[in-house]
Amino acid sequence: MRKALRWLLSLVVLIGTVSAAGATAGAATAAEPAVGTDIKDRILAIPGMSLIEEKPYPGYRFFVLNYTQPVDHRNPQKGSFKQRITLLHKDTNRPTVFFTSGYSVNTNPRRSEPTTIIDGNQVSMEYRFFTPSRPEPANWAKLDIWQAAGDQHRIFSALKKIYAKKWLSTGGSKGGMTATYYERFYPRDMDGVVAYVAPNDVVNKEDSAYDRFFETVGTKECRDKLNSVQREALVRREPLQAKYKEWAEANGATFTTVGSLDKAYEAVVLDFVWAFWQYSLASDCDTIPPASASDQEIYDIVDAISGFSFYTDQGLAPYTPYYYQAGTELGSPAIKLPHLDGLSRYGYQPPRNFVPRDIAMRFKPWVMDDVDSWVRHNAKQMMFVYGENDPWGAEPFRLGKSARDSYVFTAPGANHGANVAGLLADQKAKATAEILEWAGVAPAAVQENPAKAKPLAKSDAKLDRYDIEREPTLRP
């Protein structure tokens, strides 16, 4: 049974390495690099860009870099930090994809689906405040979607001088949200947006869409089976918590941030049904034990799906930036759990419970409303892809009548790993053709007949794989 893991479409970027090239390179400037200069030299000629390492990969050059960013884009003179980015360089004559997971960046060569479709370069950005891309000292008030969009804009502006062909932005989950927010603040930068499984929590206090989702997803038999195990985990709280405590003591796990082992235990249990549908398929219901299973079996399946390490101090620490944003701008879901009446002591806990108390937080309800309104009325060449059985898709982005050349697709039976490849055949061809067109590389045959659209790059099992990381469940 798979762990409660998230498909982070953590892929690599397209930055190239270079060696010093003598007098010609010395005459080159960041604004107008010499055409014949090695790509690494051209990249490193950009002010503020430095090389961490270059990793070989057949057919590409892959670079891990630091780029100096202002802590505050409104006051760039007031401090800076190094932001980690990667570059998967193919050719400056190919289009480029700007990818972000919305979290840390993967420092191994990877391609996002749009990069494979257009056979292009890829730049990947680590989201500000995820370590090591965190200002020191950390002024958490400077962690918001506008500042993060400013980071992307500066990276794009610097690299566009080298990668002059068309650009698309993409990302999955929080990365899809990030691509959307970037488009809202800098709509002239990208030539298209492909946002995967991007939640859109417009009104944070109104979460009935999630309740309706859990009342209808999958089959009644599967829903009842999952609910029964979740309920049983709270009925048996005492013996199962004893196992949890034993594990925590053996592994040095602590619970200062969330407040107690009891709160952490319940948070993991309440994640169980959500996590199943987020990461598993309907066919995986067969692996769920009956409510009559032993204590160890119930404990093990909850651990496998939700993960008892998630709400420890050690599990929460890497994701403090996410929980901070969820509690200040993004919003977070709170669903009703009638089958747990009389058993749940805390309900769905707010993001505030998962952020150290010395970090101040204030929720700004107008932020998501602004983005939602902008997308509805101004979307142009934007594509949203959702999974039918993914809880995060219960509150999706929607398009209004004034949206142009934009689409919302849903992959049947798919979870939080939904992609273009999982769409119905006609939608898959349409989505692929649009991505190729936006990138300026649609073959003549595809322009005449979109049904012929397919990825331009050959499949590469290592480069195209989605890395699976164990992360907190109730985060996109």
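The values are calculated or read from the model by the stated rules, or taken from the named source; none is laboratory data. These figures come from a predicted structure and were not determined experimentally. Every residue, glycine as well, gets a Cβ built from its backbone with ideal geometry; the counts of neighbours run over all protein chains shown. Just the protein is used for accessible areas: all its heavy atoms, side chains included, with ligands, DNA and RNA removed. Shrake-Rupley method; radii C 1.70, N 1.55, O 1.52, S 1.80 Å.
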If we scan the range 133-141, do we find a residue that is among the charged types (D, E, K, R), under 19 Å from the mean Cα position of the chain (by Cα) and either more than 23 Å from G417 (Cβ to Cβ) or at pLDDT below 95 (or both)?
yes
Go through the range 71-103 residue by residue and tally those that are over 23 Å from the mean Cα position of the chain (by Cα) and not in a loop (DSSP other than H, G, I, E, B).
1
Of all strands (runs of 3 or more DSSP E) completely enclosed by the range 377-476, which ones contain at least 3 residues that are within 15 Å of G176 (Cα to Cα)?
382-387, 407-411
Hey, any hits in the range 366-377 for a residue that's open to solvent by less than 40 Å² (accessible area, probe 1.4 Å) and more than 20 Å from the chain's Cα centre (by Cα)?
yes
Pairs needed: first member in the range 138-165, within 18 Å of H89 (Cβ to Cβ); second member anywhere, part of a helix (DSSP H, G or I); C-beta distance under 8 Å; at least 6 residues apart or different chains.
L159/I43; I162/I39; I162/R42; I162/I43
Tell me, which residue of the range 118-155 that is over 10 Å from Q83 (Cβ atoms) and touching a Ser or Thr at 6+ places or on another chain (Cβ under 6 Å) is surrounded by the fewest Cβ atoms within 10 Å (Cβ to Cβ)?
G120
When restricted to A250, A179, A264, the only residue in a helix (DSSP H, G or I), open to solvent by less than 10 Å² (accessible area, probe 1.4 Å) and either over 30 Å from F98 (Cβ atoms) or in contact with a His (Cβ under 7 Å, 6 or more places away or on another chain) (or both) is A264
Residue ID - nearest to G218 (Cα to Cα), chosen from residues in the range 276-301 that are β-branched (V, I, T) and crowded, with 16+ Cβ neighbours inside 10 Å:
I288
Pick out the one residue from E238, E206, E232 that is part of a helix (DSSP H, G or I), open to solvent by 50 Å² or more (accessible area, probe 1.4 Å) and of a type in the set (D, E, K, R).
E238
Subset of the range 318-332, residues surrounded by 21 or more Cβ atoms within 10 Å (Cβ to Cβ) and either outside any helix (DSSP H, G or I) or among the hydroxyl-bearing types (S, T, Y) (or both), comes to T320, Y322, Y323, Y324, T328, G331, S332
Long-range neighbours under 7 Å by Cβ, at least six apart or interchain, first residue in contact (Cβ under 8 Å) with a residue 40 or more places away in the chain within the range 390-410, second loosely packed, with under 14 Cβ neighbours inside 10 Å
none
Could you identify the single residue in L399, L423, L343 that is modelled with pLDDT of 95 or more and open to solvent by less than 20 Å² (accessible area, probe 1.4 Å)?
L423
